[in-house]
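Reading through the structure tokens given below for one structure.
The values are calculated or read from the model by the stated rules, or taken from the named source; none is laboratory data. Bear in mind the structure is a predicted one, so any value in this text is a computation, not a measurement. Reconstructed Cβ throughout: ideal geometry from the backbone, glycine too, with neighbour counts over all protein chains shown. Quick note on the areas: whole protein, heavy atoms, side chains included, nothing else; ligands and nucleic acids left out. Shrake-Rupley method; radii C 1.70, N 1.55, O 1.52, S 1.80 Å.
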Amino acid sequence: MKRAVALTALLSLAILAAPPASAAALRAGARTPETTSPKPAGHRPDLGRRTLPANDGWAAEGPGTTGGVAAPASNVHTVSTRTELATALAAPSPKIIYVKGTVDTDRTCADYATGGYTLEAYLATYDPAVWGRETDPSGPLEDARVASAARQTAHIRLKVGSDTTIVGLGGNARIRGVNLHVDKVDNVIIRNILFEDTADCFPKWTPTDGAEGNWNSLYDNISVTGSTHVWVDHNTFTDGDNPDSEQPRYFGRPYQVHDGQLDITHAANFVTASWNRFSGHDKTMLIGSTNNPANDTGKLNVTVHHNHFDNVLQRLPRVRFGQVHVYNNYYEIPDASAFQYALGVGVQSQIFAENNFFRLGRAVDPADLLYNWGGTALTARGNLLRVGGRVAPVDLVAVHNADNDPDLGADAGWTPTLHTGIDPAQAVDRSVSRHAGVGEIR
Ligand code: CA
Ligand code: CA
């Protein structure tokens with residue numbers, strides 16, 4: 001993989017005929033993706049005390065995002081287990097939590113099951129051939145599923161308070177099977193962690209969801225709901241050895257055990273997602289969860305920059321309502337059968353897609369980079385498309401409109417101002433594939 005990425009970078013530079021001096025300048029000029037305060041030479045940078053750089057996306061709005069920087073020494077925690085993490089998260093704010101090694105849930109699905117729930121019984125009872133497709137499951141076995149799911153939720157959903165920084169130590173910090181819930185709080189930083197396989201043990205069958213029914217799951221790796229000033233940076237999101245692509249089909253539909261990797265919903269606002277790697281997943285990043293909001297209007301403003309969307313299926317991101325600046329991201333989508341769309345243009349969304357690099361397999365249709373979920377317009381500028389060895393500018397809106405109706409407009413109605421500089425798109429595949437994800441903060 002590393003070798004393939006490096007080769008890709010070399011090839012694309014060669015194809016663009018960028019002179020070496022220019023490439024070096026790009027690297028040198030690429031923003032150091034974190035705040036740096038003067039540090040004595042030879043001392044390890046204290047990741048827990050770093051804050052979001054000024055102007056670095058929507059999370060820099062107003063007071064900006066400083067997380068737990070003001071934590072007293074007595075409120076700095078190092079955790080290696082789920083219990084230690086839960087205990088640290090329950091401490092007063094401000095606080096800094098270092099994750100050392102792997103935090104796991106240390107439970108299996110069997111530990112949560114109650115009331116007689118088994119998947120076999122659930123499948124037998126709610127098989128459309130038995131239950132039909134007109135009404136959603138109900139009765140003792142659905143009650144048992146709900147009760148079992150509640151036990152799992154109580155164990156794996158951990159709430160993150162205000163003025164908190166959670167940061168991985170070194171390059172191998174991992175949080176597995178946990179849903180971090182940043183709910184109705186302000187000022188949170190989450191950095192340098194591998195988030196892995198937050199699987200739902202008890203997916204729900206909903207025959208009335210879509211034409212053929214769907215299996216749906218509860219948990220994201222990180223859920224940001226109703227919160228402000230959140231910076232999610234240099235993390236890797238993966239389903240590990242339990243990818244969506246390997247799940248079975250039941251009732252003719254994929255047995256979906258995951259929800260989002262990073263979902264930002266319920267009137268959350270002022271979020272920056274930078275330098276993360278999202279890999280091998282279906283529903284990747286949802287911004288806004290309903291077309292009929294109580295109070296999403298004017299919120300859900302998010303900046304998505306320098307992320308690596310690597311072999312992911314949809315929602316990269318999918319947006320409702322928000323002014324969302326999507327710039328300098330690297331989309332690597334080799335397989336048409338494992339791809340639906342990149343940018344979901346939803347109700348009242350205002351996506352500004354700028355200087356992204358889309359590397360597509362030959363069978364992937366560039367018209368599918370956008371999907372219209374009821375939006376009206378998207379601003380696209382400076383985006384590059386690479387198919388095979390060819391790198392060329394792509395007008396996302398024009399390519400989409402040529403294949404789809406109704407057309408999307410080309411002006412989302414705003415111009416982003418909160419950023420620390422936009423890199424040339426031709427630098428993005430190289431810089432992002434090398435430096436996004438866990439273990440890359442320097
Ligand atoms: Ca979700
Ligand atoms: Ca059209």
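What number of residues in the stretch 147-194 are assigned to a strand (DSSP E or B) and farther than 14 Å from Ala90 by Cα?
13
Does the stretch 388-417 hold any residues that are touching a strand residue (DSSP E or B) at 6+ places or on another chain (Cβ under 8 Å) and open to solvent by less than 40 Å² (accessible area, probe 1.4 Å), and which are they?
Val391, Ala392, Val394, Leu396, Val397, His400, Leu408, Gly409, Ala412, Trp414, Pro416
Within the set of pairs 6+ apart or on separate chains, which have a first residue in the stretch 390-404 that is away from ligand 1 (no atom under 16 Å from the Cβ), a second that is at pLDDT below 95 and open to solvent by less than 30 Å² (accessible area, probe 1.4 Å), and C-beta atoms under 9 Å apart?
Going by the 9 Å Cβ cut-off, the qualifying pairs are Val391/Ser12.
Mind checking which residues of the stretch 266-286 are open to solvent by 10 Å² or more (accessible area, probe 1.4 Å) and either within 16 Å of ligand 2 (Cβ to nearest atom) or in a strand (DSSP E or B) (or both)?
Scanning the stretch 266-286 gives Asn269, Phe270, Arg277, Ser279, Lys283, Leu286.
Take Leu262 and tell me if it is touching a residue at least 12 places away in the same chain (Cβ under 8 Å), surrounded by fewer than 24 Cβ atoms within 10 Å (Cβ to Cβ) and within 16 Å of ligand 1 (Cβ to nearest atom).
Taking the combined requirement at face value, the residue does not satisfy it.
Please count how many residues of the stretch 211-235 are assigned to a strand (DSSP E or B) and either within 16 Å of ligand 2 (Cβ to nearest atom) or surrounded by fewer than 24 Cβ atoms within 10 Å (Cβ to Cβ) (or both).
4
Tally time: how many residues in the stretch 367-387 are open to solvent by less than 50 Å² (accessible area, probe 1.4 Å) and either modelled with pLDDT under 95 or within 30 Å of Asn292 (Cβ to Cβ) (or both)? Walk me through it before giving the result.
Applying the first criterion (open to solvent by less than 50 Å² (accessible area, probe 1.4 Å)) to the stretch 367-387 yields 367, 369-370, 372, 374-375, 377-380, 382-387.
When the remaining residues are screened for being either modelled with pLDDT under 95 or within 30 Å of Asn292 (Cβ to Cβ) (or both), the result is 367, 369-370, 372, 374-375, 377-380.
The number of residues fulfilling the criteria is 10.
Test each condition in (1) touching a His at 6+ places or on another chain (Cβ under 9 Å); (2) touching a residue at least 40 places away in the same chain (Cβ under 8 Å); (3) open to solvent by less than 30 Å² (accessible area, probe 1.4 Å) for Asn242 and report the one that comes out false.
Of (1) touching a His at 6+ places or on another chain (Cβ under 9 Å); (2) touching a residue at least 40 places away in the same chain (Cβ under 8 Å); (3) open to solvent by less than 30 Å² (accessible area, probe 1.4 Å), only one is false for Asn242: (3).
Looking only at the stretch 345-353, decide whether some residue is touching a residue at least 60 places away in the same chain (Cβ under 8 Å), open to solvent by less than 10 Å² (accessible area, probe 1.4 Å) and not aliphatic (A, V, I, L, M).
yes
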